[in-house]
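Q: Please read through the structure below; I'll follow up with questions.
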Amino acid sequence: MSTSEVDDAGATGAHTDKDHCCDSGPPPAPAQTAAAAGKGTAFRIDTMDCAAEESEIRRALAPVAGVRGLTFQLGARIVTIDAPEALIPEALLAIRKAGFDPQPVANDGPAPGAIAPVSRGLWRLGFGLALAIAAELLAFFAPETLAFKVLGMALAAAAIGLAGLSTYKKGLAALRRGQFNINALMAVAVTGAFLIGQWPEAAMVMALYAIAELIEGRALDRARNAIKSLLDLAPDTAEVREAGGDWKEIAATEVALETIVRVKPGARVPLDGVITAGNTAINQAPVTGESIPVDKAPGDPVFAGTINDTGMIEMRVTAAANNTTLARIIDAVEKAQGSRAPTQQFVDRFAAIYTPAIFALAVAVALLTPWLMDWTWSQSLYKALVLLVIACPCALVIATPVTVVSGLAAAARRGILIKGGIYLEGAHKLKAIALDKTGTITEGKPKLVATETLAKEVSEESVLRWAAVLAGQSDHPVSKAIAQGLAKGEGDVQEFTALPGRGVRATVDGQTLVLGNHRLIEERNQCSPDIEARLAVHEAEGRSVTLLASETRVLAIFAVADTIKDSSREALTELHALGVSSVMLTGDNTSTAKSIARQAGIDDARGDLLPEDKLTAIEEMQKRYGLTAMTGDGINDAPALARSDMGFAMGGAGTDTAMEAADVVIMNDDLRRIPETIRLSRRTRTVLLQNIVLALGVKSVFLVLAIFGSATMWMAIFADMGASLLVIFNGLRLLRSGAKDLGK
């Protein structure tokens, strides 16, 4: 389901003044978006499935003062009008004058991801095509008598009425407003052909055109609803614990926040929540794109639509059904589908000139060729009408939206949320990328990475046990990392004391011990040149060093570091192969920054940066490299994300701030998704160019045939239909993009 929401700034940070698919003339002034989801009155319009119809409705409502906003769900054929109730009848009258038939639906609209049946009028089109074929056979085989001519005209008229009534209504409405769109083209061409005695061809053209429109509608729905399958992953019901302790299955939409829900092994998680009991492995592929199960324990988050692989769990619900991470993914993709990519903006501007020019050329052919080429008036008019059908810009302007939507859906399946065609298409131009350190390049959690025991007179087992006991008593992140990295220690702990800014002190098994930082050991006069040299090695690697000491000497050194993700190294290698330079921007000290950058393979590193310093660094990179992206967590990095040409946020599978601040959200915090995005952008760009060349090439060949050769109405409609289907199916190839296609 594609929701087109338009305002002056753009719902996703891009210019989203979505225009027409097959329209002409200057783009309509963008209407303001409905202020909130669900605000306004919803209407179903069965003949609205393309941006062309959206544009016509926007134009029709532009003169209606008081319409605050419009929201289009093209996949479901729903338009929501945000206006005072008294103005709704006037708005509906304007829409009907444009050739549409809006029917009221419930304010809550269709169920998420619902698709209106495209084939509702299939029987009517089939019957119309049968009548058109009958008219053709009659004209070819029947004697040329008045009775058979009248019968043939009747069959042709009936076929045109069945297949093209809605096209005629919209075409005549467009002509009354002085607009030259595809419906106006078809209405003029078919009417002209009928009037000059070519009624069998006129009927076939209209029937085939209507069928082509049906096929296009199906193809566009496939692209728009490629992401819909994610919604089907979340179960409709949830098993909740009642006040008495019993379990009851109810609709997921009725589950309140803080409710305890039980998820059995093999079942899908119905809502977002936090595990309160049980251990399991969760397949998070629907949210993050990764199919490798993630171990989960009490306190860990789980997300709607993911799969509980192994154990029974109980979870506390943290988000309603319409606000889960999965629902926000759908919302982000829908908003992205409503934005217009640069190529689409160019094509729309081109079509605004191209279509009136074709009308002018057709008029010139009809009026001038009898004088210049000695054609009969009937021949000239026929060729002009053929030219109108061939020149329809539908294939050209439909090429971009179907390609962009397919690319957005392919990215979403990989856990990459791209908030608009402008970013999907623009990523291939990136020259440099700035990266935050913690949680982006590194794991964001300190780990014990090195241990050195120094006291030969005390067993290593005792030293490590004492360190584990002391570290286990502290809540400092570094101490926690040491405790987690060592075997669980036990001992008689007395007189435990925290030393703020330095460490802890206690008596363990009768030994007075301290576990603290370099400063504490210096204050106790227990440092030596050997220890200083050992510490310098670790500190040069950006590690936090903690020492265990007795009253007389240092017993052990523990080095803790925020380790680099394996995926980060791979990602940087891929980025360099794509010709993208990398710079790390971090608030950590410069020596740590340079050490991490060296290990990760980053070109440059800058440390000791405040948020405003990162902003300045982005501006410097833009001057030095050109188009620059920023990658961060969307909180401390928000200014830099906003200032960069493209912001990539490590979404952390549901970080609200990241979802809102960035242009692209990486749902599983895997940097390898960034080079994938760039490769997908390049592939999308290639398909877009292929489609434009295909559309213009086919049109050019048949236009020449129409003027100088023997092109017929049949050839015209097949040229138009064939070009449209070529670009649609070429664009849909992007839906099959996966890890292999993106070069992973």
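The values are calculated or read from the model by the stated rules, or taken from the named source; none is laboratory data. All of these numbers come straight from a predicted model, not from anything done at the bench. Every residue, glycine as well, gets a Cβ built from its backbone with ideal geometry; the counts of neighbours run over all protein chains shown. Accessible surface is based on the protein model in full, side chains and every heavy atom, while ligands, DNA and RNA are left aside. Shrake-Rupley method; radii C 1.70, N 1.55, O 1.52, S 1.80 Å.
Q: Translational diffusion coefficient of the range 665-708 at 37 °C, 0.692 mPa s, Stokes-Einstein with Kirkwood Rh over Cα pairs, in µm²/s as a whole number. Please report the intermediate quantities before stating the final value.
A: Numbers: Rh = 13.1 Å.
Translational D for this selection: 251 µm²/s.
Q: May I pose another question? What net charge is computed for the residues neighbouring residue 387, neighbours being all others with C-beta under 13 Å from the C-beta of residue 387, Lys and Arg scored +1, Asp and Glu -1?
A: Summing Lys/Arg as +1 and Asp/Glu as -1 gives +1.
Q: For a quick protection proxy, order the peptides 448-459, 599-610 by their average other-Cβ count within 10 Å, most packed first.
A: Values: 448-459: 15.1, 599-610: 18.2.
The most tightly packed comes first, giving 599-610, 448-459.
Q: Could you pull out every residue, at least 5 positions away or on a different chain, whose amide H is within less than 5 Å of the one on residue 489? Hs are placed 1.01 Å off N in the peptide plane, and Pro or chain starts have none.
A: 469
Q: While we're here: Please list 3J(HN,Hα) in residue order for the range 54-66, calculated via the Karplus relation 6.51 cos²θ - 1.76 cosθ + 1.60 where θ = phi - 60°; whole Hz, with x for glycine and proline.
A: For the range 54-66, the Karplus curve yields 4, 5, 5, 5, 4, 5, 5, 8, 4, x, 7, 5, x Hz.
Q: Relative to the present Cα-Cα distance, how much length would full extension add between residue 146 and residue 620 at 0.36 nm per residue of separation? Don't skip to the answer; put the middle values down first.
A: Numbers: separation 474, 0.36 × 474 = 170.64 nm, distance 8.15 nm.
Answer, rounded to one decimal: 162.5 nm.
Q: With θ set to phi - 60°, apply the Karplus curve 6.51 cos²θ - 1.76 cosθ + 1.60 along the range 614-621 and write out the HN-Hα couplings as whole Hz, x wherever there is a Gly or Pro.
A: Those phi angles translate into 5, 4, 5, 4, 4, 5, 5, 5 Hz.
Q: While we're on this one: What accessible surface, in Å², does a 1.4 Å probe find on residue 496, ignoring ligands, DNA and RNA and rounding to the nearest 10?
A: Accessible surface of residue 496 is approximately 70 Å².
Q: Then there's this: For a 24 Å ceiling on Cα separation, which of these pairs sit above it: 480/614; 565/594; 445/594; 447/614; 456/565; 97/419? Intermediate results must be reported in sequence, preceding the final value.
A: Numbers: 480/614 30 Å; 565/594 16 Å; 445/594 19 Å; 447/614 27 Å; 456/565 35 Å; 97/419 35 Å.
Long pairs (Cα-Cα over 24 Å): 480/614; 447/614; 456/565; 97/419.
Q: Here's another thing I want to ask about it. Could you tell me the accessible area of residue 375 in Å² (1.4 Å probe, neighbours in place), rounded to the nearest ten?
A: Ignoring ligands and nucleic acids, residue 375 comes out at about 50 Å².
Q: A follow-up question, please. For the full complex of protein chains and a 1.4 angstrom probe, list 166, 479 by accessible area with the highest value first. Can you show the working numbers first?
A: Numbers: 166 45, 479 20 Å².
Greatest to least solvent exposure: 166, 479.
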